[in-house]
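Below is one structure, written out as structure tokens; comments come after it.
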Amino acid sequence: MTQPSTLARPARTEPGDRADPSPRDARTSAAAAATALGLFAAARLTGILVLAATAWATGRHPLALLARSWDSIWYLGIAAHGYGRTLYFRPTVIHSDLAFFPLYPALVRAVTTLTALNASTAGLLVSWLAAGVAACGVYAIGARLHGRAVATVLVLLWGLLPHSVVLSMAYTEPVLTAFAAWSLYAVLTERWLWAGALAALAGLARPNGFAVAAAVLVAAACEIGRRRGRKVPHSLWTGAALAPLGWGGYVLWVGRRKGDPLGGYFEVQRLWGSRFDFGVGSLRFIKHLLLRGDRLVFPVTLMIVAAAVLLFALLIADRAPLPLLVYSGVLLLVALGGSGFFESKPRFLLPAFPLLLPLAGALVRTARARPWHATLVVGALAGLSFAYGAYLVVIAHTPL
């Protein structure tokens, strides 16, 4: 007899949850998921309205800011014209669009081809739909592990992060998180083909998308080891084989195009000023902040990254399932160990939603004991998210 998997613990059920839900329970679960999605949508819509008011007050157009800011300009350019744009600043600083992974611009191109929408509108549509799909995946994981209440709070917290404004922009984080969340859910439910296929797509979305493949591969290796020589289903092997193909395929394609199959992509990133140096560059910048100070966005970035490290420690202490630990740990490692664009590190951590699980659980417990305390916490987080998001996009003039 096959032993139960140790990859995912059973859900911490709430009153009304059952192992074999009745139609009534299924309707209740669907209503709870819809509530979570509604709260997420309300949070993001409110954030957009605050940003719009700030933009209009400064004489700028909010939709233009959401659709065509910083990296989104590069993605929309790829969607419209394909790869081939390069900006030369000096011999050691060359910005090539090959640094940007292809899935998001391909989705934007598909929407503009099938509809009458322009690239900017299509980019926002893809991001907003992906954010909704991601929120559903985040909810599914939270509900499986901790029940519906924690899942709802988890989704709300994800929508209220200081950098959650990016989820409303023409950026790739919503797309990556959508594929990542559902791939991780497939791992937790042992649907290996889905896990591998979705991980491959996540790997085509962003450079740090290989964190999903890492989670799938580690989970698959543990499952194979657990079986101790017993027959391993073909779906497990196939899913594990599929997982790294998206990320690895694009890196090799760029390398071949640059004449260096294994190193070409990393050379492109180096010329952008991005490389993995085990945190040396980050430590130098932190030293600069402590000794000389800088614009608001940089100390806030430092606090967010420090909070992420603390939350990861709490996630370990909470004995979260291994795939979630690997996924979050790799995303955190990339953010901490990469040099260049220090202010972008919170955005790189946006897909690391499992880090919020301990906070969501604590907030649910607080809400049951002291509802007003929980309300104040959520209100404060919302105020910070909306105000800081508007500041980042409209006022800061700093790369996201």
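For W247, indicate whether it is more than 23 Å from G159 (Cα to Cα), in contact (Cβ under 8 Å) with a residue 12 or more places away in the chain and among the aromatic types (F, W, Y). Taking the combined requirement at face value, the residue satisfies it. The numbered conditions (1) closer than 29 Å to G82 by Cα; (2) out of contact with any Lys or Arg (no Cβ under 7 Å at 6 or more places or on another chain); (3) touching a residue at least 24 places away in the same chain (Cβ under 8 Å); (4) not polar (S, T, N, Q) are all true for E173 except (2). One residue stands out among those in region 320-353 that are at pLDDT below 95 and outside any helix (DSSP H, G or I): the one that is surrounded by the most Cβ atoms within 10 Å (Cβ to Cβ), which is G338.
Of all residue pairs spaced 6 or more apart or on separate chains, those with beta-carbon atoms under 9 Å, a first member in region 39-54 that is under 13 Å from V394 (Cα atoms) and a second member that is outside any helix (DSSP H, G or I) and aliphatic (A, V, I, L, M) are G47/L160.
Here T238 fulfils each of the conditions (1) farther than 30 Å from E343 by Cβ; (2) buried (at least 19 other Cβ atoms within 10 Å of the Cβ) apart from (2).
Within region 258-275, the set of residues being at pLDDT 90 or above, more than 21 Å from the chain's Cα centre (by Cα) and surrounded by 15 or more Cβ atoms within 10 Å (Cβ to Cβ) comprises K258, G264, Y265, F266, E267, V268, R270, L271. Is it true that G77 is out of contact with any Leu (no Cβ under 7 Å at 6 or more places or on another chain), within 22 Å of W253 (Cβ to Cβ), modelled with pLDDT under 95 and of a type in the set (G, A, S)? Criteria not met by G77.
Residue-by-condition table, conditions (1) at pLDDT below 95; (2) under 20 Å from Y265 (Cβ atoms):
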| residue | (1), (2) |
| --- | --- |
| A26 | yes, no |
| A36 | no, no |
| S69 | yes, no |
| Y88 | yes, yes |
| P102 | no, yes |
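The residue pairs whose first member lies in region 77-105 and is charged (D, E, K, R), whose second member is crowded, with 17+ Cβ neighbours inside 10 Å, and whose beta carbons are closer than 6 Å, counting only pairs six or more residues apart or on different chains, are R85/G77; R85/D97; D97/W74; D97/I78. For region 205-235, the set of residues classified as touching a Phe, Trp or Tyr at 6+ places or on another chain (Cβ under 6 Å) and either surrounded by fewer than 23 Cβ atoms within 10 Å (Cβ to Cβ) or over 30 Å from R275 (Cβ atoms) (or both) consists of F210, S235, listed by residue number.
The values are calculated or read from the model by the stated rules, or taken from the named source; none is laboratory data. These numbers were taken from a predicted model, which means no experiment stands behind them. Glycine gets a Cβ as well: all are built from the backbone with ideal geometry, and neighbour counts include every protein chain shown.
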